[in-house]
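To keep things clear, I will list the structure first and then write my remarks on it.
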Amino acid sequence: MPGRDYLSNSDAATTTVATEQQPTTTLNENVSETPSEPTVYYNARLDPKNYLEGPLSDNAATRLRQMLARPGIVVAPGICDGISARCAVEAGFDCLYQSGAATTASRLGQPDLAIATLNDFAGAANMVCSLHPTVPVIADADTGFGGPANVARTVYEYIRAGVAGMHIEDQVQTKRCGHLLGKQVVSREEFLTRIRAAVHARDAFPGGSDFVIIGRTDSAQVLGMEEALYRLRLAADAGADVCFIEGVKTSELLKKTVAALAPKPVLVNVISGGLTPAFTYKEAEEMGAKIIIFSLVSCVAMVHACRAAMHALKKTGTDFSTAQGMDPKAFFEVMGLKRVMDLDARAGGTAFKEV
């Protein structure tokens, strides 16, 4: 993909093409591109062809890169806590999405309006990734929670937590859910500064990391699809591994996005009642998308289920009907009871011999 002119502070779409350069990097080497030297990022170690063969890795980030390099769409249901993560893996999903909106709601009981902090997101990620360490978790990183140093810290915190990849966006710091109205975005250059900071931090991580950087733009609803596509081309040149336009409104626009950004993988976000049509994952795959996330699938279902349970308890005075026959032990079995009991027994413990 040719290098782009991302020096301009103007948000007007242009077609200036910079001279293409392709520096090859080694492990832990920062792939450097300064504002005065626009280059196309290339890291030979992370070339997709390196992930085409062999068994799936136990390292979640490496496994995600293998899934991206190989046939088939990556389906990641949105999870909001340990219960939803357990249920998603129980249902057979091999990748999870930690939604920023769902995390804000579950941890803080607040709307997705830039209220949650990095500590909230990283804490949630650390817990979720510990449940099934080989299952890749893609996490929302909002705007990176500040300037380049904050973006780098976010990458480090996520890698340490076991997150496989994150998306970072071009909304202003007082951001909101991408499917709400009134969004504002930063300049192209500020967006690219965030991408470059994330890429540099990943490449400088001690011991190396396969952490996946996903560039997200919310500019389609603010500046139009052409500007959104242009921003993602720039993000890809700056080192983003995957491209994500929030709020793709039609199947034709999704197909156009995939074609315009090829060969970069494209992520599509489906939220019932949101800006994007309710594509099935098979439909998204047919249109060329490589990742599909269903951001609110768990937390919206939880609202409906919890409301129904609370209303039933208020009306009937008992939780018998809403329990649907699930006793405490059956509930804890969903939460990994057997694994804990087995571990205790193998260690010679007897505390949980009978539960």
Could you list, in sequence order, the residues of the stretch 318-355 that are β-branched (Val, Ile, Thr) and assigned to a loop (DSSP other than H, G, I, E, B)? Thr318, Thr350, Val355
Pull up the stretch 66-83, narrow it to residues that are under 20 Å from Ala122 (Cβ atoms) and within 16 Å of the chain's Cα centre (by Cα), then point me to the one that is surrounded by the most Cβ atoms within 10 Å (Cβ to Cβ). Ala76
The one condition in (1) closer than 29 Å to Arg188 by Cβ; (2) open to solvent by 10 Å² or more (accessible area, probe 1.4 Å); (3) part of a loop (DSSP other than H, G, I, E, B) that Thr143 fails to fulfil: (2)
Residues that are within 21 Å of Tyr97 (Cβ to Cβ), of a type in the set (Val, Ile, Thr), modelled with pLDDT of 95 or more and outside any helix (DSSP H, G or I): does the stretch 240-252 have at least one? yes
For residues in the stretch 176-228 being of a type in the set (Lys, Arg) and out of contact with any Ser or Thr (no Cβ under 6 Å at 6 or more places or on another chain), which is most open to solvent (accessible area, probe 1.4 Å)? Arg176
Given the criteria open to solvent by 20 Å² or more (accessible area, probe 1.4 Å) and modelled with pLDDT of 95 or more, does Leu131 qualify? yes
Going through (1) open to solvent by less than 10 Å² (accessible area, probe 1.4 Å); (2) without any contact (Cβ under 8 Å) to a residue 60 or more places away in the chain one by one, Glu246 fails only at (2)
Pairs, first in the same structural domain as Ala141 (by the TED database) and at pLDDT 95 or above in the stretch 201-223, second part of a strand (DSSP E or B) and open to solvent by 10 Å² or more (accessible area, probe 1.4 Å), C-beta under 9 Å, six or more apart: Thr217/Val185; Asp218/Val185; Ser219/Val185; Leu223/Val185
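The values are calculated or read from the model by the stated rules, or taken from the named source; none is laboratory data. For clarity, every value in this text was computed on a predicted model and none was experimentally measured. Heads up, the Cβs are rebuilt from the backbone with ideal geometry, glycines too, and the neighbour counts pull from every protein chain shown. Each accessible area value is taken on the protein alone, full model and side chains, heavy atoms only, with ligands, DNA and RNA left out. Shrake-Rupley method; radii C 1.70, N 1.55, O 1.52, S 1.80 Å.
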